[in-house]
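What follows is calculated from the coordinates using simple rules that are stated; it is not laboratory data. Computed from a predicted model, the values in this text were never measured in an experiment. Neighbour counts run over all protein chains shown; Cβ positions are idealised from the backbone, glycine included.
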């Protein structure tokens, strides 16, 4: 049976400090967004289930005109997180529209596909620069929290994947350039 991993993302983030649903979403987007995402539509219902299962405690807090709810992981929540951490990771099932377009690429021109690849190359370069900046900021922050070595492993994985993607994109652009050259009719005549 496939486990709902949203609950483990939330439990894991709550081991660091109590957080509101909004803070959890921000941290997901800003910290682990390069390899994991969750929507508000996944986060808030899961927080309610976690509270109902006594894996987190919800505490109302005054925050200006609007109140907010902070969630704190319980000992039972830590135990469930630990149990999940010990399970083997499920195989990843990826979807890539770019790969679909390349797979069916014989139905369009190589130039169209090179354009898609150049766009992805720019995104990969931006992503790599962002990860490198985060790593520099982490190194410059002085005293490292105990989790820093684990955070760095995920950063390094993102950097390695971005570099591999850049290498593959460059190779694919070269391949498409060769296909375009092969399809170009020769100029000149044999008269």
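A few remarks follow.
- Residues 6, 154 in ascending order of nearby Cβ atoms (within 10 Å, fewest first): 154, 6.
- Between residue 54 and residue 94, residue separation times 0.36 nm minus the direct Cα-Cα distance comes to 11.1 nm.
- From least to most packed, judged by other beta carbons within 10 angstrom and beginning with the fewest, 134, 112, 9, 56 follow the order 112, 134, 9, 56.
- The shape of region 5-86 can be summarised by an equivalent ellipsoid whose semi-axes, obtained from the alpha carbon gyration tensor, come to 19, 16, 10 Å from longest to shortest.
- Only Cα pairs under 8 Å and 6+ residues apart enter the sum, and on that basis the relative contact order of the chain stands at 18 percent.
- Degrees, to the nearest 10: 75-86 long Cα axis against longest axis of the chain: 30
- Likely footprinting exposure, 78, 86, 121, fewest C-beta neighbours within 10 Å first: 86, 78, 121
- Once the Cα atoms are used to define both axes, helix 110-140 deviates from the longest principal axis of the chain by about 40 degrees.
- Helices in the chain, meaning DSSP H runs of at least 4 residues, each add -39500 (n - 2.57). Divided by all residues, the mean residue ellipticity at 222 nm is -20500 deg cm²/dmol.
- Modelled spin labels at residue 22 and residue 68, positioned 7 Å past Cα toward Cβ, are 0.5 nm from each other.
- In this structure, residue 180 and residue 135 have a Cβ-Cβ separation that, at R0 = 30 Å, corresponds to a calculated FRET efficiency of about 0.20.
- Kirkwood-based shape ratio for the chain, expressed as Rg/Rh from alpha carbons: 1.14
- Relative to the longest principal axis of the Cα atoms of the chain, helix 40-52 runs at roughly 30 degrees.
- Distance between region 63-79 and region 1-51 - C-alpha centres, whole angstrom: 12
- Considering only Cα atoms, the convex hull volume of region 97-183 works out to 82 Å³ per residue.
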